[in-house]
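*Asks:* I'd like to ask some things about the structure below.
The values are calculated or read from the model by the stated rules, or taken from the named source; none is laboratory data. Keep in mind that this is a model prediction, so the values were computed, not measured. For neighbour counting, all protein chains shown are included, and Cβ atoms are generated from backbone atoms with ideal geometry for every residue, glycine included. Accessible surface areas use protein heavy atoms only, side chains included; no ligands, DNA or RNA. Shrake-Rupley method; radii C 1.70, N 1.55, O 1.52, S 1.80 Å.
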Amino acid sequence: MSEAPDAERALARGVRLFNLGRYLAAHEIWEAAWRDAADEDRRFLEALVQLAAGLHLRTRRAGTRGAEHLLSQALATLEDFGRRARARRRDAS
């Protein structure tokens, strides 16, 4: 992320919560960061928000259709970021 330290702390805090299975709490942290994010960071944060929301729906509320939609959107966006990151590393070497 190209954000200020506060956004990076929010990202890290959300990751810790997500890894503990606290998807709704991670969602809330990332959503707050998304609202204040620079344009170039918003899409990535939106994907994290969708990922956390989808897993929360699926694991805590037994939702399937909405969870599948959110998860598929999040994964498509994150895959795009992964491709771009690999291309940047390849170009840099």
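*Asks:* Go through region 1-60 and name the trypsin sites (Lys or Arg not before Pro) that are in a DSSP coil and have 14 or fewer other Cβ atoms within 10 Å of their Cβ.
*Replies:* none
*Asks:* Roughly how many Å² is the accessible area per residue of the chain, as a whole number, for a 1.4 Å probe?
*Replies:* On a per-residue basis, 66 Å².
*Asks:* Compute the signed sum of charges (Lys and Arg +1, Asp and Glu -1) over the other residues within less than 13 Å, Cβ to Cβ, of Arg58.
*Replies:* +2
*Asks:* Turning to a different aspect of this structure: Any idea what the alpha-carbon Rg over 2.2 N^0.38 Å comes to for region 17-57?
*Replies:* 1.08
*Asks:* Give the angle, between 0 and 90 degrees and rounded to the nearest 10, that separates the Cα long axis of helix 65-92 from the longest principal axis of the Cα atoms of the chain.
*Replies:* Between the helix axis and the principal axis of the chain, the angle is about 20 degrees.
*Asks:* Tell me the label-point distance for the pair Glu28, Arg86, using the 7 Å Cα-to-Cβ offset, in nm and rounded to one decimal.
*Replies:* Those two pseudo-labels are separated by 3.7 nm.
*Asks:* Still on this structure, I have one more. Please report the net charge: other residues with Cβ closer than 14 Å to the Cβ of Phe81, K and R +1, D and E -1.
*Replies:* My count for the surroundings of Phe81 gives +2.
*Asks:* Among residues other than Ala26 whose Cβ falls under 13 Å from its Cβ, what is the net charge (Lys/Arg +1, Asp/Glu -1)?
*Replies:* Computed value for this residue: +2.
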